[in-house]
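Participant: Here it is: the structure, laid out below.
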Amino acid sequence: MNLEADFNTTIERDQRIEPRDWMPEGYRKTMIRQVAQHAHSEIIGMQPEGDWITRAPSLRRKAILLAKVQDEAGHGLYLYSAAETLGADRTDLTERLIEGRQKYSSIFNYPTLTFADVGVIGWLVDGAAICNQVPLCRSSYGPYARAMIRICKEESFHQRQGYELLMTMMRGTQAQRDMVQDATNRWWWPSLMMFGPPDAESTNTAQSMAWKIKRHTNDELRQRFVDMSVPQAEKLGVTLPDPDMKWNAERGHYDFGEIDWAHFKEVVSGNGPCNEVRLTRRRKAHEDGQWVRDAAAAYAAKHKEAAA
Ligand SMILES: [Fe+2]
Ligand SMILES: [Fe+2]
């Protein structure tokens, strides 16, 4: 009883829960699920843009893209470490991912058709990730909140590099401007889906808000993202593919059109354009890395023996 009261007081006072602290099983499970899904998303998220590293149009663009994709690997690794502080096992989490038993963000199940996709992913996908993740810097679980501070700084770099790339393309030829518009058309709606189902259908939101794992609802964050993106699109000179997008002076927000949730559910349940490709490649990378894990384990065992 005391342990539970301590936990509740910590949450009430906006202090952090640390790995050594007692926590309800539901809280631990929810945190593991959230942190693992986030980690998986960072790792799978390397693939769509990674496809363009060998085809980047200049050495400068290649260096920037390499750095960005490498950052995403780093984010995945911090987050797997954060999940381990909750008692999760990294090998088990990886197995859950490659066997399709644990999810990653559906946004990474779309193909990157042109180099403009690299820019639009930075602008919209990393932009949406920032909207989602900045409030998580105040999440109640300490290791997750602290990892998020560093991740958000790097995500800001990602967002700017994407926007800068698009600005450059928009100052280029008509063909380049068309590529930017086409990529914007394809990524806009999936980006809005990144915030998850509407509040009315989001089953975990209320409990996660009570535990201060989550600070804002899906719809609040989605609105924030829309309000942020409209002026950015105007400055860039592209049109967002939504005829219902309109400033609502009364609400002080942009109204926007209906999201195709049936499509979202299809992609979540494995039927997006690239679900199979992403998992197959992740599985192969895991198998190809077996010798590295074996060597590391043998090395550790040898040193443990020598120390004994
Ligand atoms: Fe990331
Ligand atoms: Fe990123």
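The values are calculated or read from the model by the stated rules, or taken from the named source; none is laboratory data. Predicted model only: the values in this text are computed from it and were never measured. Using ideal geometry, Cβ is built from the backbone for each residue, glycine included, and neighbour counts are taken over all protein chains shown. The area values use the complete protein model at the heavy-atom level, side chains included, leaving out ligands, DNA and RNA. Shrake-Rupley method; radii C 1.70, N 1.55, O 1.52, S 1.80 Å.
Participant: Over its Cα atoms, what ratio of radius of gyration to 2.2 N^0.38 Å does the range 51-90 give?
Facilitator: 1.64
Participant: Which whole-percent values make up P(r) of the range 9-133 when all C-alpha to C-alpha distances are grouped in 10 Å steps starting at zero?
Facilitator: Going out from 0 Å in 10 Å bins, the range 9-133 shows 12, 37, 29, 16, 6, 0 percent.
Participant: Given a 1.4 Å probe, how much area per residue of the chain is accessible, in Å²?
Facilitator: Numbers: 15630 Å² over 308 residues.
With the other protein chains kept in place, the chain gives 51 Å² per residue.
Participant: Let me ask something additional. What does the charge count near residue 40 come to, summing +1 for each Lys or Arg and -1 for each Asp or Glu among other residues with Cβ under 14 Å from its Cβ?
Facilitator: Computed value for this residue: +4.
Participant: Still on this structure, I have one more. By what distance, in whole Å, do the Cα atoms of the range 227-269 stretch along each of the three principal axes, largest value first?
Facilitator: That gives 36, 26, 17 Å along the principal axes, largest extent first.
Participant: Shifting gears a bit: How big is the equivalent ellipsoid of the range 139-266 along its three axes, where each semi-axis is √(5λ) from the Cα gyration tensor, reported in whole Å from largest to smallest?
Facilitator: They are 29, 20, 14 Å, listed largest first.
Participant: Can you check how the C-alpha radius of gyration of the range 65-168 compares to 2.2 N^0.38 Å, as a plain ratio?
Facilitator: That works out to 1.15 for the range 65-168.
Participant: Would you please classify the overall shape of the chain from the alpha carbon gyration tensor, given that a ≥ b ≥ c denote the square roots of the eigenvalues, rounded means a/c under 1.5, and beyond that prolate means a/b larger than b/c while oblate covers the rest?
Facilitator: Oblate is the answer for the chain, as a/c is 1.5 or above yet b/c matches or exceeds a/b.
Participant: Given the pairs 103/214; 103/265; 212/265; 29/214; 68/212; 103/284, which span a C-alpha to C-alpha distance of over 20 angstrom in this model?
Facilitator: Correct reply: 212/265; 68/212.
Participant: Give me the three principal axis extents of the range 1-60 from the C-alpha atoms, as integers in angstrom, largest value leading.
Facilitator: 61, 21, 17
Participant: What nm value, rounded to one decimal, do you get for the distance between residue 66 and residue 3 when each label is placed 7 Å out toward the C-beta?
Facilitator: Each label point is offset 7 Å from its Cα along the Cβ direction, giving 5.0 nm.
Participant: If each residue of separation counts as 0.36 nm, what is the full-extension length gain between residue 207 and residue 13 once their alpha-carbon separation is subtracted? Intermediate results must be reported in sequence, preceding the final value.
Facilitator: Numbers: separation 194, 0.36 × 194 = 69.84 nm, distance 1.72 nm.
Residue separation times 0.36 nm, minus the Cα-Cα distance, leaves 68.1 nm.
Participant: Would you please put 65-78, 118-131 in order of how densely packed they are, using the mean number of other Cβ atoms within 10 angstrom per residue and starting with the highest?
Facilitator: Peptide ranking by packing, descending: 118-131, 65-78.
Participant: Only residues of the range 87-110 count here: report those whose backbone N is under 17 Å from the spot 7 Å along Cα→Cβ of residue 290, or say none.
Facilitator: 91-92, 94-96, 98-99
Participant: If you take the Cα Rg of the range 167-231 and divide it by 2.2 N^0.38 Å, with N the number of residues, what do you get?
Facilitator: 1.54
Participant: For the pair residue 53 and residue 232, how long in nm is the line joining their label points, each one 7 Å along Cα→Cβ?
Facilitator: My value for the distance between the label points is 2.5 nm.
Participant: Mind checking the dipole of the range 59-212: about its Cα centre, +1 per Lys or Arg Cβ, -1 per Asp or Glu Cβ, Debye to the nearest 20? Don't skip to the end; give the middle numbers.
Facilitator: Numbers: 17 positive and 16 negative charges, 100 e Å.
For the range 59-212, the charge dipole is close to 480 debye.
Participant: Please compute, over every Cα-Cα pair in the range 206-278, the percentage with a separation greater than 21 angstrom.
Facilitator: So the portion of pairs separated by more than 21 Å is 51 percent.
Participant: Count the net charge of all other residues whose Cβ sits under 12 Å from the Cβ of residue 77, scoring Lys and Arg as +1 and Asp and Glu as -1.
Facilitator: Details: positive: 90, 150; negative: 42, 71, 72, 84.
Result for the local shell: -2.
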